[in-house]
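Comments concern the structure below.
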Amino acid sequence: MASLEAQRIDLPDDYDAVQNLYLERGWSDGLPITPPTPERVEAMLATVSLEPGHVVAQLPPNWGDATVERLAINAVMAGCLPDYLPVIVAGVSAMSDPAFNLYAIQATTHSCAPLFIVNGPIRQKLGMNSSSGAYGPGWRANATIGRAVRLALLNIGGGHPGVGDMSTQGAPSKYTYCVAENEEANPWGPLHVERGFEPDQSTLTVVGGEPPHNINDHTGSTAEEILTIIAGAMAVTGANNAYTGGETLLALGPEHAATMHIDGFTKDDIRDWLNRHARVPLERYTEATMLERFGQIPDGPVPMVGNREDLAIIVLGGPGKHSSWVPTFGGATRSVTRVVG
């Protein structure tokens, strides 16, 4: 392996000394870190074929070089196991796609954060959680992969709150935001297959999303009854998508997904139904807001699903009649999928 280029700092073998230094220098997300010793970083780098100095992406707003070595350092700090690094590399590559618009997502006053969705065999290999409590907490792979990406956005990209990251209130999802799709409970087929990848390929999809909005429907016994509640949950003026359109994510709980499938609904049927029914009435907007955002008063209710491509659908979670909707940064971002490894 090529020699490591990161600067080495000699510190006493003392827990508090290490934590305090990283906090003082702004290298932490505020939580304790694992010291990135050369031995730990080298073990992390051994899981990828790329050279340590290979630049995976340049991370805004400072456009720092996200080399494989720097990503490995942040992964160690986050508490990752070495086998997690290929997922992190794929995720950073996906975020660098212009369609994702990472600069805007890093610098906006909005509360969005990169949400990682993992598909394929690597879910089981890494022990990722796709069932009950999939958004967290309690699972090392989900928690630390997402945290490693956030640390990279802080330490390499310069996205510090109030400096490079201007989010008005922030969000807990800015600590970590990583799930694996519950493919076994998906009656239609998983996200990566729908996007043209093979079932045995492992992929990562990144979405510029708000924290998940819970959708509670315990009484719906048909697809349309459940979708009526989902449509109501989506038709809100607080989301960027109510003004600029764009793609959002619907994460159906397994029980809701099963009911819809039994009723004969496909994913496209769900999208078409929500296009017709998940609409924001004009009386929920102010006239000034409509003129600012649309340039005129719209002719009728504003659809939250403009077309089929504007709604990604996955199955996520365990038992219980709950689903979630993830609004996004709006029309300025699109999700991007990359192969892991």
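The values are calculated or read from the model by the stated rules, or taken from the named source; none is laboratory data. Small disclaimer: the values here were computed from a predicted structure and weren't measured. Quick reminder, even Gly has a Cβ in these numbers, built from the backbone with ideal geometry, and neighbours come from all protein chains shown. SASA here: full protein model, heavy atoms, side chains in, ligands and nucleic acids out. Shrake-Rupley method; radii C 1.70, N 1.55, O 1.52, S 1.80 Å.
Name every residue in the range 63-93 that is in contact with a Ser or Thr (Cβ under 7 Å, 6 or more places away or on another chain) and among the small types (Gly, Ala, Ser), in order of residue number. Step through it out loud before you land on a result.
Residues of the range 63-93 in contact with a Ser or Thr (Cβ under 7 Å, 6 or more places away or on another chain): 76-80, 82-86.
Of everything in the range 63-93, those that are in contact with a Ser or Thr (Cβ under 7 Å, 6 or more places away or on another chain) and among the small types (Gly, Ala, Ser) turn out to be ALA78, GLY79.
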| query | So is LEU45 over 21 Å from the mean Cα position of the chain (by Cα) and open to solvent by less than 20 Å² (accessible area, probe 1.4 Å) or not? | reply | yes
| field | The one condition in (1) open to solvent by 40 Å² or more (accessible area, probe 1.4 Å); (2) more than 16 Å from ASP217 (Cα to Cα); (3) touching a Lys or Arg at 6+ places or on another chain (Cβ under 8 Å); (4) modelled with pLDDT of 95 or more that GLU255 fails to fulfil | value | (2)
| query | Are any residues in the range 5-31 exposed (fewer than 14 other Cβ atoms within 10 Å of the Cβ) and within 27 Å of GLY164 (Cβ to Cβ), and if so, which ones? | reply | GLU5, GLN7, ARG8, ILE9, LEU11, ASN20, GLU24, ARG25, GLY26, GLY30
| said: Against the definition (in contact with an Asp or Glu (Cβ under 8 Å, 6 or more places away or on another chain), part of a loop (DSSP other than H, G, I, E, B), under 20 Å from ALA312 (Cα atoms) and at pLDDT 95 or above), how does SER131 come out, yes or no? | reply: no
| task | Identify, by number, the condition in (1) outside any strand (DSSP E or B); (2) buried (at least 21 other Cβ atoms within 10 Å of the Cβ) that SER323 doesn't meet. | result | (1)
| Output for the range 200-221, where each listed residue is of a type in the set (S, T, N, Q) and either closer than 17 Å to ASN307 by Cα or assigned to a loop (DSSP other than H, G, I, E, B) (or both) | GLN201, SER202, THR219, SER221
| Test: HIS261 is open to solvent by 60 Å² or more (accessible area, probe 1.4 Å), more than 26 Å from GLU184 (Cα to Cα) and touching a residue at least 12 places away in the same chain (Cβ under 8 Å) | no
| task | Could you identify the single residue in VAL55, VAL76 that is under 26 Å from GLY127 (Cα atoms) and at pLDDT 95 or above? | result | VAL76
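Take the conditions open to solvent by less than 40 Å² (accessible area, probe 1.4 Å), modelled with pLDDT of 95 or more, closer than 17 Å to GLY30 by Cα and over 16 Å from the mean Cα position of the chain (by Cα) and apply them to GLY170. Does it pass?
no
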| task | Kindly provide the set of residues from the range 203-219 that are of a type in the set (S, T, N, Q) and open to solvent by less than 20 Å² (accessible area, probe 1.4 Å), ordered by number. | result | THR203, THR205
| remark: Reported set for the range 193-229 where residues are under 22 Å from the mean Cα position of the chain (by Cα), closer than 23 Å to GLY245 by Cα and not β-branched (Val, Ile, Thr) is GLU194, ARG195, GLY208, GLY209, GLU210, PRO211, PRO212, HIS213, ASN214
| Failed condition for THR168, given (1) touching a helix residue (DSSP H, G or I) at 6+ places or on another chain (Cβ under 9 Å); (2) within 19 Å of PRO327 (Cα to Cα) | (1)
| task | Quick one: GLU224 ticks every box in (1) assigned to a helix (DSSP H, G or I); (2) within 18 Å of MET304 (Cβ to Cβ); (3) open to solvent by less than 50 Å² (accessible area, probe 1.4 Å) except a single one, so which number is it? | result | (3)
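Only one residue in LEU115, LEU85 is free of Cβ contacts under 8 Å to residues at least 60 places away in the same chain, more than 17 Å from GLY158 (Cα to Cα) and hydrophobic (A, V, I, L, M, F, W, C). Which one? Full working, then the answer.
Working: LEU115 fails: free of Cβ contacts under 8 Å to residues at least 60 places away in the same chain.
Result of the check over LEU115, LEU85: LEU85.
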